[in-house]
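Peer 1: Have a look at the structure that comes next, please.
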Amino acid sequence: MALFLKPLFEMKLIKLLTFLTLTAVSLAGCKKNSGAADSSNKIRVGYIGLTCEAPIFTAVEKGFFKEEGLEVSLVKCEWANYKDVLALGGFDITHHLVMYFLKPIEQGLDVKFTGGIHRGCLRVQAGVNSSISKIQDLRGKRIGVPGMGTPPFIFANRVLGANGIDPGKEITWRVFPAGELGLALDKGEVDAVADSEPIGSLLLAQGKVKNVADQAKDPPYKDEYCCAVIVSGKFLAANPKAAAAATRALLKAAKWVEENPAAAARLSVEKKYLASNPELNTVAISHLRYVPSVSGADEAVKSAAAEMKTAGMLSPSTNVAELAKRAFVHLDGVSDEWLNSVQVERVAGGQVPPDQDIRLFAEMILSDTGDSCCKARKSLAAKQ
């Protein structure tokens with residue numbers, strides 16, 4: 001009898017322990033959810049340290065997050081793990097390239113675009129003395145990129161695909177660190193490069209390249225938002241008001257950057273958000289258009305998805321309209337009408353001087369420490 005009762009007692013004990021465990025988990029879950037609601041005014045913003053992220057830095061330094069009732073903290077990331085950190089909840093919101101996230105969204109990444117920040121940060125460039133002058137001239141050529149799957153690579157693929165060139169079969173891709181793309185051109189290791197700011201502006205200022213495709217100037221890309229606010233789907237579901245407030249802070253900051261590009265460039269460098277100098281960063285920012293738009297971002301998601309599918313970067317079976325609908329969300333209090341009502345200050349000395357490009361080139365000559373024709377001219381001038 002005792003032998004029979006022992007296993008019965010053990011079974012009841014196991015059931016009791018299981019019930020207590022589940023109850024504890026449930027209570028912990030309730031406590032966690034309660035805590036999330038209490039801290040819904042706290043927002044974590046991801047960034048890499050790029051020229052085009054000026055609105056993020058501006059929104060922090062000018063108090064735009066605070067105006068929206070948010071307590072903000074920044075999370076520094078690297079290119080290699082940027083999407084993963086967002087997907088795993090390492091930060092809640094940022095603004096980034098639409099094309100960079102469309103493939104992950106197609107594959108199930110739970111993130112949403114909520115508003116367009118700016119246009120025009122990507123380029124395809126060829127050597128200044130190259131015979132390459134148009135996209136069709138790139139067929140069969142070698143193109144240097146900072147990495148496979150990076151935004152410059154994706155933009156180049158879109159441009160090539162839209163012009164009837166198969167990027168996978170008719171292009172040889174070569175990977176170099178972003179800062180060495182110009183050197184790869186000098187050495188003849190590539191025929192063209194695809195890059196983003198400030199590398200594109202630096203290569204132009206050095207007289208090394210000419211633009212073959214410019215997202216800031218060439219149709220249809222010049223009117224398309226390359227970067228948009230993107231928020232974690234889980235954070236949005238739990239904190240829709242905070243997500244909307246953070247989106248407004250970033251869109252307002254984009255307006256401020258457009259009005260005060262030189263001031264935004266200095267702020268980004270002086271506060272050590274990125275490694276550059278104020279002159280170069282001002283030139284890079286001045287080539288972008290920070291004219292935020294909600295409807296513009298919605299349209300950009302659709303057009304980018306369509307061309308990425310044409311270029312073979314999305315699955316042939318993907319329904320572009322459905323993907324775009326899943327990728328973009330309209331938030332309460334975030335609209336083009338609201339944006340049109342937003343006013344920002346115009347600070348003294350915050351605009352781009354008309355001779356900015358010339359001044360940048362002069363600064364590069366004066367700071368040149370290596371052997372070059374520029375240094376030779378500088379030495380000669382000093383002797384005279």
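Peer 1: Starting from the amide H of residue 74, placed 1.01 Å from N in the peptide plane, find each other amide H under 5 Å away whose residue is 5 or more places distant or on another chain.
Peer 2: The answer is 45.
Peer 1: Quick one: of 271/302; 62/234; 134/309; 134/187; 187/272, which pairs are farther than 31 Å apart, Cα to Cα? Intermediate values should be presented prior to the final figure.
Peer 2: On the way: 271/302 36 Å; 62/234 28 Å; 134/309 22 Å; 134/187 22 Å; 187/272 33 Å.
The pairs that break the limit, which is 31 Å between Cα atoms, are 271/302; 187/272.
Peer 1: Which of the GluC sites (Glu not before Pro) found in the stretch 302-352 are in a DSSP loop and have at most 15 neighbouring Cβ atoms, other than their own, within 10 Å? Before the final figure, lay out each step's value.
Peer 2: Numbers: sites: 307, 322, 337, 345; in loops: 345.
In loop regions of the stretch 302-352 (DSSP not H, G, I, E or B), the sparsely surrounded GluC sites (Glu not before Pro) are 345.
Peer 1: In whole Hz, with x marking every Gly and Pro, tabulate ³J(HN,Hα) for the stretch 215-228 from phi via Karplus 6.51 cos²θ - 1.76 cosθ + 1.60, θ = phi - 60°.
Peer 2: 5, 7, 10, 8, x, x, 6, 5, 9, 9, 6, 7, 10, 9
Peer 1: While we're here: Could you state the per residue volume, in Å³, of the convex hull enclosing the Cα atoms of the stretch 269-355? Kindly include the intermediate steps, with their values, before the conclusion.
Peer 2: Details: hull volume 15.6 nm³, N = 87.
Dividing the Cα hull volume of the stretch 269-355 by its residues yields 180 Å³.
Peer 1: Okay, next question. Can you give me the Rg/Rh ratio for the stretch 98-232, using Cα atoms for both radii and the Kirkwood formula for Rh?
Peer 2: On the way: Rg = 14.8 Å, Rh = 15.2 Å.
Dividing the radius of gyration by the Kirkwood radius yields 0.97.
Peer 1: Hey, got a sec? Which GluC sites (Glu not before Pro) in the stretch 97-192 land in a DSSP loop and have at most 15 other Cβ atoms within 10 Å? It would help to have the intermediate numbers written out before the result.
Peer 2: On the way: sites: 106, 170, 180, 189; in loops: 170, 189.
The qualifying sites are 170, 189.
Peer 1: Express the relative contact order of the stretch 270-348 as a whole percentage, based on alpha carbon pairs under 8 Å and six or more residues apart in sequence. Can you show the working numbers first?
Peer 2: Values: 28 pairs, mean separation 25.8, N = 79.
The normalised contact order for the stretch 270-348 reaches 33 percent.
Peer 1: Measure off 7 Å from each Cα along the Cα-to-Cβ vector at residue 137 and residue 66, then give the distance between these two points in nanometres to one decimal.
Peer 2: About 5.2 nm separates the two model spin labels.
Peer 1: Counting only protein heavy atoms, what percent of the accessible surface of the stretch 136-214 is carbon or sulfur at a 1.4 Å probe? Don't skip to the end; give the middle numbers.
Peer 2: Values: 1460 of 2950 Å².
About 49 percent, which is the carbon plus sulfur part of the accessible surface.
Peer 1: Which whole number of Å³ per residue matches the convex hull of the alpha-carbon atoms in the stretch 215-288? Could you put the intermediate results ahead of the total?
Peer 2: Values: hull volume 8.7 nm³, N = 74.
Looking at the stretch 215-288, the number lands at 118 Å³ per residue.
Peer 1: Along the charge dipole of the stretch 91-221, pointing to its positive end and built from +1/-1 on Cβ of Lys, Arg, Asp and Glu, which listed residue (152, 211, 193) has its Cα farthest out?
Peer 2: Highest projection toward the positive end goes to 211.
Peer 1: Let me ask you something else. Got a sec? What order do 150, 58 fall in by accessible area at 1.4 Å, biggest, i.e. largest, first?
Peer 2: Values: 150 25, 58 0 Å².
Largest to smallest exposure gives the sequence 150, 58.
Peer 1: In Å², and per residue, what accessible area does the stretch 185-245 have when probed at 1.4 Å with the other protein chains present?
Peer 2: 37 Å²
Peer 1: Loop only by DSSP, 13 or fewer other Cβ within 10 Å of the Cβ. Give me the trypsin sites (Lys or Arg not before Pro) in the stretch 163-230 that pass, ordered by residue number. Intermediate values should be presented prior to the final figure.
Peer 2: Values: sites: 169, 174, 187, 208, 210, 217, 222; in loops: 169, 187, 208, 217.
Sites meeting the loop and neighbour criteria: 169, 187, 217.
The values are calculated or read from the model by the stated rules, or taken from the named source; none is laboratory data. If you're wondering where the values come from, they're calculated on a predicted model, not measured in any experiment. Neighbour counts are summed over all protein chains in view; Cβ atoms, including those assigned to glycine, are modelled from backbone coordinates with ideal geometry. Just so you know, the surface numbers come from the protein's heavy atoms only, side chains and all, with ligands and any DNA or RNA stripped out. Shrake-Rupley method; radii C 1.70, N 1.55, O 1.52, S 1.80 Å.
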